[in-house]
Each structure stands twice: as C-alpha cells, then as structure tokens.
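Engineer: Can you keep this structure in mind? I'll have questions shortly.
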C-alpha cells in the first residue's frame with residue numbers, strides 16, 4: 001500500500017492518548033501513537049495516513065502497522081463536564097469523561113468556584129500546545145452533592161432537563177388548550193373507536209408515562225382480538241414544530257436512578273399523550289385477530305381512540321393472575337396464555353433468551369442509596385414484552401411491504417441486529433471452554449441463537465450465570481437504527497422496528513408518521529425521507545449516550561452504598577482478568593471493582609508468603625509463579641473492600657482466598 005493512501009473515520013483513544021483506527025479489510029486496527037494523534041479525541045472523525053510500522057520503545061506490545069492523523073474532520077464532543085482544579089497557578093477542568101486523556105486549561109473561570117462541577121466548551125487546541133483551552137459554559141454545583149452529580153452525568157452525555165424557550169412556549173400553549181384539542185380529535189370519525197374494549201396498561205410501579213396499552217375481547221367466531229395501542233405522540237409533535245426539533249435532537253429519554261430526563265415536556269409525556277386510566281386518549285394501534293394458538297388471522301394498523309380501564313403495575317397484575325380473581329382477570333388470563341404461545345414460537349425460531357436481571361437502586365429522600373437489589377421479572381413483564389415484540393415485528397413487515405411497491409413512501413426505519421462478529425464468538429467459546437462449558441460454533445465462528453439458548457439454559461441457577469450472560473451479551477453486535485434492513489439476529493426476526501415507545505424514543509414517532517402516511521394521512525415529504533439515514537445514526541448514538549449515563553448513575557450509587565463498608569468482607573466472582581489485575585463483581589450489590597495484581601501476591605492479605613502473579617491470556621487467569629495458584633475468570637472469590645471512590649465510580653478490593 002502506498003503511504004499516500006488516506007482513510008477517514010472515527011478514532012478510539014485510550015486514557016494514555018494512544019489511538020486506534022479501524023480500516024475495512026484489515027484484521028488489526030492501526031495504532032496511532034500519542035505523538036502522531038494530532039490532538040484527536042475519542043470518537044472524532046479523522047483523516048489518517050499509513051505511517052509504516054510502530055515499535056513500542058518499552059517493548060510492551062509487538063510491532064504493528066501504524067497511522068498518523070493528518071486532519072480532524074469533526075469533533076465527537078464540543079463540551080466536557082468535570083471538576084475545576086488549580087495546579088501551578090493555572091485553572092484546569094479535570095474531565096469526568098474517562099476517554100478524555102488530558103485536562104482542559106481554563107483561562108477565565110469567572111464566578112465558578114474551584115471544586116465545582118462545570119460544563120466547559122472546547123475552544124481550541126493549537127498544534128504546539130500541550131493542553132486544549134476551554135471556557136466555562138455552565139456551573140452545575142459543588143462536587144459530591146447528589147443532585148449535582150446526577151445532573152453532571154446527564155450533561156456529560158449531552159442531556160439536559162431544561163427545554164429551550166420555543167419548546168416551553170409550545171408546551172405552555174398545550175397546557176391551556178391541549179385537552180380541548182384532544183377531545184375534539186377523539187370525535188374524529190377516521191379514528192377507530194376502541195373505548196368500549198376492555199383495556200389496561202401494565203408498567204413498573206414507579207412509571208410516570210404510559211406508552212402502551214392492551215385491549216382484548218373474544219369474537220363471536222371464537223377468535224380473540226388483541227389491540228396493542230400506542231400513544232399518538234405524532235398528533236401533537238408535528239414535523240418542523242419546536243417540540244419536534246427538540247425531540248429529534250434528544251432522540252430518547254434518559255432514566256437515571258432518581259429521575260427521568262424526558263424527550264418531551266411533561267404536558268405531553270405524563271398527560272396528553274400518556275395512556276392514563278379513565279381518560280380518553282389518542283393512539284396508533286396494531287390490532288390482531290388471533291386464534292387460540294396465537295396465530296395471526298388478520299391484522300390492522302391505524303389511528304384509534306381508546307379508554308384505559310385500569311393502570312396495573314407488573315406486581316398487581318401478577319397478583320390478579322396468581323389469585324385467580326380481580327380486575328380484568330379473564331382478560332389478563334387470555335393475554336397470558338396467548339403470550340406464552342407467541343414466546344414459544346419465537347424461541348423455536350432461535351430468539352435468544354438473555355432475560356438479564358437489572359439492578360435497582362432504592363434511594364432515600366436525600367438521594368442516598370439505602371438498598372440495592374436485582375429487579376424480578378414476572379410473567380406479566382414477559383407478557384407485555386411478547387405483545388410489544390409482536391407489534392414491532394408486524395409493523396416492520398407491513399411497512400417493508402408497503403415501501404417496496406414503488407409508492408410515494410419508499411423508505412422506512414428498521415431496528416437491526418447483525419450477526420455476531422466471528423472473532424468475538426470464537427473468543428467467547430474459548431472463554432466458556434476454560435469455565436467448563438461448550439458453545440457449538442461452525443468453523444468460521446458462526447453461532448445460532450439456538451446454541452446460545454442451550455448455553456444460557458446450562459448456566460441457569462449456577463453461581464456463574466450472571467457472568468456467562470454478561471460475556472455472551474458483550475459478544476453480540478449492537479442493535480442500531482438504519483434504513484437498510486438486515487433483520488434482527490437476537491430476536492430471530494426478518495423484519496423489526498421500534499413502534500411501541502414514542503413518548504421516550506424518536507424513531508418510534510417517525511414510524512407512527514409512516515403508518516399514518518400509508519393509511520392516507522399526511523404524506524412524508526421526500527426531504528424528510530432523505531433525512532432518515534442521518535436520523536438513524538443520530539438516534540443510535542444518542543441511545544448509547546443515554547445508556548452510558550444510566551449505567552454510570554447506577555455505578556455511582558453502588559459505590560456510594562459501599563463507602564461506609566470499607567474494610568468489610570464480601571463474596572464476589574471474577575468477571576475479568578487482565579495483566580493489571582482482576583475485575584470482580586460483588587454478589588450482593590452486583591457492583592464491579594478491581595483487585596490490583598500487586599496486591600494479589602502480597603503476604604499482608606494473610607495468604608501466606610509472597611508470590612508474583614502473571615497474566616495467562618490463553619486461559620483467562622492470573623497464575624502464581626512460585627505457588628502456581630490460579631485466579632480464573634468465573635471463579636468465586638472472597639474479598640475485602642479497601643477503597644470506594646464515589647467521584648470516579650471505582651472500588652478497590654484485595655483477595656482473601
């Protein structure tokens with residue numbers, strides 16, 4: 001290859017400022033040494049030229065193909081959240097973002113006090129300067145205060161609770177006359193009227209907005225009509241209005257441990273659009289006629305008006321089913337029977353049943369964590385999931401059929417999940433082999449959903465279940481939005497989209513507009529369709545940002561919960577092994593922490609004489625040079641907590657066995 005060849009794309013960066021750049025067709029990313037990175041930051045779109053072979057002067061890695069950044073095309077981030085500190089007479093921002101490998105110099109911090117969390121905008125980073133320059137854009141508050149830390153997590157990913165003035169004005173107008181507008185539209189004869197059908201919502205106990213409702217009624221011929229009714233956000237949020245522009249920019253709501261940062265103002269998310277009980281509401285519905293085996297006899301998609309008879313939590317809907325009596329017992333029983341048949345059919349096709357439990361943090365009035373537990377998934381959780389998946393698949397199939405006929409609405413949005421990367425599957429198979437499990441793969445590193453399900457069934461109830469599920473999940477491709485359908489590997493669907501959550505996801509709102517357009521409603525303009533590709537990328541990126549903020553908020557509270565337990569002993573499982581040491585997951589809170597390799601052979605832990613431990617990459621373990629004692633991925637381990645750093649969201653442990 002000529003050294004003049006130029007490549008453009010995103011760069012990843014380590015904490016030490018070393019970059020890695022993927023090139024299609026190459027097995028290994030180019031390494032970009034810090035001195036050749038040209039001040040690129042993680043995620044930046046850069047132009048890279050080949051730069052021969054790089055040899056690490058410390059001998060820490062073998063020689064590998066290298067590149068040099070010649071131009072930064074676009075910054076991935078313009079703002080950074082962090083803490084103001086002072087060193088050597090200069091004010092710096094110490095960024096919270098761990099992939100930001102340098103602090104920013106603040107020339108004028110104005111009224112912002114040292115030790116405060118702030119939002120800083122990157123102003124410049126001249127080629128001859130060691131550090132970038134930034135200016136304070138917003139003061140969040142003092143470090144360590146619960147509300148400040150939660151806002152900092154959200155702002156660090158670009159999400160704000162505050163809406164711009166134009167959105168506030170439109171929301172205030174809806175506060176005044178939105179109910180009259182809704183009542184008038186409920187009389188629109190083009191909407192199918194489902195107000196007399198037994199209807200309910202089933203959501204978490206702390207849910208504030210209700211996207212979806214189910215109606216069910218038996219038909220004279222013995223078949224069953226099930227309506228999956230989804231909040232008609234698109235009636236109020238029209239293309240081009242301020243509400244739409246902001247919803248598109250946010251692309252998703254964010255759910256931190258103590259708050260929701262909504263995509264839409266509260267007048268819409270918890271009132272006019274929310275399918276609240278005992279109120280007429282507008283919906284876009286997928287209505288199915290099913291036989292007793294849950295086979296689809298017919299289906300219909302369109303605008304409706306509904307009236308929810310009951311707001312269930314997952315728990316009290318489960319009580320009705322368990323006790324065999326209560327509100328809508330017959331309807332819930334019918335839905336449950338059908339859902340089990342829908343799920344069995346999906347599993348038979350190879351849908352992967354990860355069913356991973358989520359961590360739930362309980363807070364007191366001051367935001368202090370008082371309990372941490374795993375959320376329990378009940379039959380009612382799975383039942384709702386089954387009908388939402390049914391609707392999403394059916395809508396995707398229908399739109400695919402309609403958009404392939406050369407009509408005016410030729411584009412659609414899909415939610416796709418590619419087959420896993422073959423190298424990742426081979427790595428997973430090797431890891432599982434070390435742990436005593438066998439994952440059947442083809443020679444080329446291909447795996448089926450059915451084989452993954454066999455693995456998940458084999459570890460059910462075992463101490464390593466959570467770990468194996470996590471490792472398997474990490475080996476999967478990421479689900480994304482796109483206009484090019486390639487199917488959904490994890491769900492074993494040929495067609496799939498997001499239709500069921502328009503209050504909290506912008507792509508669902510777009511799908512509603514497409515459903516309406518194909519049914520003779522407002523057409524989607526060619527200009528809007530041309531934006532679908534860009535929208536798909538943006539929505540996928542914002543989804544990752546929201547997930548990172550949500551995960552960090554849980555991690556922060558896990559660490560805070562353990563702060564006053566430093567010195568105590570815990571049961572854990574080894575969840576990762578590197579040359580730096582062991583990653584462990586504490587079994588009560590499911591908090592992650594680190595055991596530094598230097599502490600493992602330290603006789604001060606009470607484990608006898610000292611030893612030196614080396615990383616055995618092939619077997620995913622650390623091995624004692626003298627004693628041959630092994631610490632292997634998946635092993636249970638007894639640990640003592642030695643440090644809990646809330647700001648860094650980090651825990652340190654030492655081994656006790």
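Bear in mind that the values in this text are calculations on the coordinates, not laboratory data. Here the structure is a predicted model, which means the values were calculated and not measured. As a convention, Cβ positions derive from the backbone with ideal geometry for all residues, glycine included, and neighbour counts pool all protein chains shown.
Engineer: Run the simple label-point estimate for residue 370 and residue 323 please: 7 Å along Cα→C-beta, distance reported in nm.
Structural biologist: 2.6
Engineer: Separate question: Using all Cα-Cα distances in region 67-109, what percent lands in each 5 angstrom bin from 0 up to the longest?
Structural biologist: Spelled out per bin, shortest first, that is 5, 18, 25, 20, 15, 11, 6, 0.
Engineer: Calculated FRET efficiency, residue 188 and residue 278, Cβ-Cβ r, R0 25 Å, to nearest 0.05?
Structural biologist: The computed FRET efficiency comes out at 0.75.
Engineer: So, one more: Kindly provide the pair-distance distribution of region 6-74 built from C-alpha pairs, with 5 Å bins from 0 and whole-percent values in order of increasing distance.
Structural biologist: In order of increasing distance, the bins hold 4, 20, 32, 27, 13, 4, 0 percent.
Engineer: Return one number: the angle in degrees, 0 to 90 and rounded to the nearest 10, between the long axis of the Cα atoms of helix 532-562 and the longest principal axis of the Cα atoms of the chain.
Structural biologist: Between helix and principal axis, roughly 60 degrees.
Engineer: To the nearest µm²/s, what D does Stokes-Einstein give for region 214-371 at 4 °C and 1.567 mPa s, using the Kirkwood radius over alpha carbon pairs as Rh?
Structural biologist: Details: Rh = 18.8 Å.
Translational diffusion coefficient: 69 µm²/s.
Engineer: Give, in nm to one decimal, the length gained when the segment between residue 571 and residue 97 is fully stretched (0.36 nm per residue of separation minus the Cα-Cα distance). Mind showing how you got there, number by number?
Structural biologist: Numbers: separation 474, 0.36 × 474 = 170.64 nm, distance 3.02 nm.
Taking 0.36 nm per residue and subtracting the Cα distance, the gain is 167.6 nm.
Engineer: Pop a pseudo-label 7 angstrom from the Cα along the beta-carbon direction at both residue 14 and residue 56 and give the gap in nm to one decimal.
Structural biologist: Spacing of the two 7 Å Cα→Cβ label points: 0.6 nm.
Engineer: Mind pulling up the Rg/Rh value for region 79-143? Radius of gyration and Kirkwood radius, both on Cα.
Structural biologist: 0.93
Engineer: So if I take the centroid of the Cα atoms in region 84-139 and the same for region 500-576, what is the distance between those two points in Å?
Structural biologist: 29
Engineer: How many nm separate the modelled label positions at residue 356 and residue 404, each set 7 Å beyond the Cα in the direction of the Cβ?
Structural biologist: 3.2
Engineer: Counting every Cα pair in region 434-569, what percent are over 20 Å apart?
Structural biologist: So the pairs more than 20 Å apart make up 66 percent of the total in region 434-569.
Engineer: Mind checking the log10 I(q)/I(0) for region 101-223 at q = 0.10, 0.22 Å⁻¹? Debye, one equal scatterer per Cα, no solvent, two decimals.
Structural biologist: Once normalised to I(0) and log-transformed, intensities are -0.65, -1.33.
Engineer: Now, a different point. Between region 309-366 and region 411-427, how far is it from one alpha carbon centroid to the other, in angstrom?
Structural biologist: About 28 Å separates the Cα centre of region 309-366 from the one of region 411-427.
Engineer: If one computes the Cα centroid of region 369-383 and of region 1-65, what distance in Å separates the two points?
Structural biologist: Result: 43 Å between the Cα centres.
Engineer: What is the Cα coordinate range of region 422-476 on the first, second and third principal axes, sorted by size from largest, in whole angstrom?
Structural biologist: Each principal axis gives a Cα extent; for region 422-476 these are 31, 19, 19 Å.
Engineer: Would you mind giving the three semi-axes, in whole Å and largest first, of the ellipsoid equivalent to region 1-117 according to its Cα gyration tensor? Mind showing how you got there, number by number?
Structural biologist: Numbers: eigenvalues 210, 47, 25 Å².
One finds semi-axes of 32, 15, 11 Å for region 1-117.
Engineer: What do you get for the angle between helix 314-323 and the principal long axis of the chain? Use alpha-carbon atoms, 0 to 90 degrees, nearest ten.
Structural biologist: Approximately 60 degrees, to the nearest ten.
Engineer: Oh, and also: When only Cα pairs under 8 Å and 6 or more residues apart are kept, what is the percent relative contact order across region 453-561?
Structural biologist: 20
Engineer: Another question about this same structure. Kindly provide log₁₀ I(q)/I(0) values, in the same order as q = 0.19, 0.21, 0.29 Å⁻¹, from the Debye equation applied to equal alpha-carbon scatterers of region 107-175.
Structural biologist: Results for region 107-175 at q = 0.19, 0.21, 0.29 Å⁻¹ read -0.88, -0.96, -1.20.
Engineer: What's the angle, to the nearest 10 degrees (0 to 90), between helix 379-403's Cα axis and the longest principal axis of the chain?
Structural biologist: The helix 379-403 is inclined about 80 degrees to the chain.
Engineer: Oh, and also: Got the relative contact order for the chain handy, in percent, Cα pairs under 8 Å and 6 or more residues apart?
Structural biologist: Result for the chain is 10 percent.
Engineer: May I pose another question? Can you tell me, using C-alpha contacts under 8 Å and at least 6 residues apart, the relative contact order of region 79-143 as a whole percent?
Structural biologist: Relative CO of region 79-143 lands at 33 percent.
Engineer: What is the projected area of the convex hull of the Cα atoms of the chain, averaged over all directions, in nm²?
Structural biologist: With the hull built on Cα positions only, its mean projection is 33.5 nm².
Engineer: Turning to a different aspect of this structure: Principal axis lengths of region 566-655 from Cα atoms, whole Å, largest first?
Structural biologist: Reported extents, whole Å, longest axis first: 36, 28, 21.
Engineer: Which three extents, in angstrom, do the Cα atoms of region 442-521 have along their principal axes, listed largest first?
Structural biologist: The principal-axis extents, from largest down, are 53, 30, 16 Å.
Engineer: Rg to Rh for region 324-420: what is it, with Cα atoms only and Rh by Kirkwood? Kindly include the intermediate steps, with their values, before the conclusion.
Structural biologist: Working: Rg = 19.2 Å, Rh = 17.2 Å.
Using only Cα positions, Rg/Rh for region 324-420 is 1.12.
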